[in-house]
1. Mind listing just one residue for me: the one in segment 103-127 that is under 30 Å from ARG92 (Cβ atoms) and among the small types (Gly, Ala, Ser) and, of those, surrounded by the fewest Cβ atoms within 10 Å (Cβ to Cβ)?
2. Looking only at residues in segment 203-242 that are farther than 15 Å from ALA9 by Cα and not in a helix (DSSP H, G or I), which one is farthest from the ligand (Cβ to nearest atom)?
3. If LYS259 passes every condition in (1) within 28 Å of ASP175 (Cα to Cα); (2) surrounded by 17 or more Cβ atoms within 10 Å (Cβ to Cβ); (3) in contact with a Leu (Cβ under 8 Å, 6 or more places away or on another chain) but one, which one does it miss?
4. Just need a number here: residues in segment 265-288 that are of a type outside the set (Phe, Trp, Tyr), closer than 25 Å to GLN346 by Cα and crowded, with 18+ Cβ neighbours inside 10 Å.
5. Of all residues in segment 445-501, how many are of a type in the set (Gly, Ala, Ser), buried (at least 17 other Cβ atoms within 10 Å of the Cβ) and part of a loop (DSSP other than H, G, I, E, B)?
6. Counting just the residues of segment 68-96 that are farther than 21 Å from GLU157 by Cα and among the aliphatic types (A, V, I, L, M), which one comes out surrounded by the fewest Cβ atoms within 10 Å (Cβ to Cβ)?
7. Restricting to segment 448-502, name every residue that is modelled with pLDDT of 95 or more and over 50 Å from the mean Cα position of the chain (by Cα).
8. Looking at this structure, is ARG7 assigned to a strand (DSSP E or B) and touching a residue at least 24 places away in the same chain (Cβ under 8 Å)?
Amino acid sequence: MSQVRVRFAPSPTGPLHIGGVRTALYNYLFAKKNNGTFILRIEDTDQTRFVEGAEKYIMESLKWCGIIVDEGINEGGNYGPYRQSDRKSLYRQYADILLEKGYAYYAFDTPEQLDALRKESEKEHKTFIYNADVREKLNNSISLKESEWKEKLNRGENYVIRYKMPQNEDINFEDIIRGKIVVNTSTLDDKVLFKSDGMPTYHLANIVDDHLMEISHVIRGEEWLPSLPLHIMLYRSFGWQAPLFAHLPLLLKPDGKGKLSKRDGDKMGFPVFPLFWPYGETAKGYREEGYYPEAFVNMLALLGWNPGTEKEIFSLKELIDSFSIERVGKSGSRFDPEKAKWFNHQYLENRTDKQLASEFKEHLNAHGYQVADDRLEALVGLVKMRVSFVKDLWDQVDFFFKAPETYDQEAIKKRWKDDSVKQLSELKTILEKIDDFSSSRTEEAVMTWIGEKGYNTGAVMNAFRLVIVGASRGPHIFDITSWIGKEETLRRIDAGLSSIGR
Ligand code: GLU
C-alpha cells in the first residue's frame with residue numbers, strides 16, 4: 001500500500017457526537033496500524049451552521065481520548081491550511097476547471113423560484129430534482145444564450161455553480177465495508193458546488209482537499225454514502241484518482257430503532273458527547289460523568305468493529321495492533337449505556353490501589369475527611385470491585401469515617417434477634433482481648449468463639465455489621481473493623497447496643 005493518509009473532517013456545528021468520535025478513532029487506528037498519518041481538517045464552509053467553541057471542543061475531545069493528530073491547525077504540516085475557511089481562495093479555481101470542461105454550469109435561479117418549483121412538485125406528490133430532465137427549462141448557463149448568462153454575470157447577479165450530473169448513466173464504485181455499489185445518475189441532482197457567498201459547498205471543498213492533501217482512504221459515517229456517487233463523479237471529472245472509501249455503520253439507540261441522538265441520552269440519563277458542552281443548551285459529557293478516557297475509547301472501538309475473538313479489554317496500543325476496516329460490520333451498532341459503565345468498571349478495578357487512592361483523594365477531602373495515603377489505598381482496595389466510577393466510592397466508604405448515627409429500621413427488623421444484645425456483649429469481650437486487630441486474626445478469634453458457643457454465624461455477623469455500619473451493606477466485616485481499629489469498633493458496639501438495645 002502506498003503511504004496511508006487519512007483525515008477526520010468534522011464540521012464545527014456543535015458538540016462532537018460520540019459517533020463522530022468513533023469515526024475519528026477508526027481513522028486514527030487505521031492510520032497508526034499502517035504507519036500512516038492522521039489529519040484533522042475542519043470543514044467550516046457552511047458559515048450559517050458555524051458554532052463558536054465547536055472547533056476547540058473537537059480538538060479537546062480528541063486529546064482527551066488520546067487520539068493524536070499528526071497534521072492539523074495546531075500541529076501544522078505540509079498540506080495546510082487545515083481549516084477550510086482559511087483555504088477559501090483556493091476552491092474557485094477548481095470550480096472554474098469544471099466550468100471549462102463542461103462538467104459544471106452557472107445557475108441563476110433564486111431561492112424563491114426554487115421554492116415555488118418544489119411546492120408545485122409537492123402538489124403532484126413528487127420531489128423536485130434539479131437535474132438533466134429540467135435544467136434546460138430553468139435559469140442557467142445551459143438554458144440561456146451565452147450572451148444572456150454572461151450579461152447576468154457582468155451585472156453581478158447572484159449565481160451558484162452546479163455540477164452537471166449526466167443523464168441515465170450507471171456509476172459503479174466500491175466501498176471497503178459495503179462492497180460493490182451501482183447508482184444510476186437519474187436518481188441524483190445537479191448539486192451546488194459553489195455558492196453566491198464565494199464559498200464552496202461541502203462537496204467541492206471536500207473532494208479538492210482530499211485530493212490536495214493526498215488522502216488515501218476516506219473513512220466516514222454512513223450518512224455520507226448518498227454523497228459518494230457525486231464524489232466519484234467529481235474525481236472522474238477532474239481526472240483525479242479517488243481515494244478508497246469506507247462508510248461506517250450508524251450508532252443506534254439502545255433499543256436499536258434509529259440513530260442515537262442527544263434526546264435518547266437525555267431520556268435515559270447517559271451522555272452522547274465526550275465532553276461537557278458548555279455553550280447555549282448545555283450537554284453532559286463522558287469525561288465529566290467520571291469515565292476514564294481509556295474505557296470510553298475501548299467501548300467506542302467495539303461499537304462496530306470486532307476483533308474476531310472474545311477479548312473485550314483493549315488498550316489504545318492493542319486496538320492499533322488489532323484494528324482492520326475489514327472487521328467493521330455493515331449493520332448499525334446498538335449503543336448500550338450499561339455496557340459503557342461496565343467498561344469503566346473494568347478499568348477502575350484494574351487501577352492499582354495507589355492510583356485509585358490518589359484519584360479518590362479530592363472527593364474524600366470534599367467530604368471533609370483526610371487520611372494517610374497507605375490507609376486510603378487499603379480502603380479503596382476493599383471496595384473498588386463495587387463501583388464503576390471514582391465519584392461513587394464515597395457511598396461505599398462513608399461509614400469507615402463516620403460512626404452510624406441512625407440504624408436502618410428494615411435491617412433491625414430482619415437482623416436484630418432476641419439474643420443479639422447478649423451475643424454482641426460477649427463479642428465485645430472477645431475483641432477487647434485481641435491485640436493484633438488485623439482482619440484475619442480478628443476473624444479467627446471471633447469464629448473460634450462462635451464455634452465454641454455453637455452460635456449461628458450469620459446471625460452474629462449480621463448484628464455485628466448493623467452496629468458497625470448502621471445497615472446491611474459494606475465489604476467483609478473484619479476488613480472494616482481492622483481498618484477503623486479496635487477502639488472505634490468497641491465504641492460502635494457500645495453505641496449500637498444502647499441505641500438498638502432490647
Ligand atoms: N464535514 C463532514 C462532516 O461533518 C465530513 C464528511 C466526510 O468525512 O467527508 O461529517
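The values are calculated or read from the model by the stated rules, or taken from the named source; none is laboratory data. Computed from a predicted structure; not experimentally measured. Note that we place each Cβ from the backbone using ideal geometry, even for glycine, and neighbour counts take in every protein chain shown.
1. The initial filter retains those residues of segment 103-127 that are under 30 Å from ARG92 (Cβ atoms), namely 103-118.
Filter once more, so that each one left must be among the small types (Gly, Ala, Ser): 104, 107, 116.
On the way: ALA104: 27, ALA107: 23, ALA116: 13.
Residue satisfying both the conditions and the ranking: ALA116.
2. Within segment 203-242, the match that is farthest from the ligand (Cβ to nearest atom) is GLY239.
3. For LYS259, the failing item is (2).
4. Selection size over segment 265-288: 8.
5. The number of residues fulfilling the criteria is 3.
6. Looking at residues that are farther than 21 Å from GLU157 by Cα and among the aliphatic types (A, V, I, L, M), I get ILE68.
7. THR448, TRP449, ILE450, GLY451, GLU452, LYS453, GLY454, TYR455, ASN456, ASP494, LEU497
8. yes
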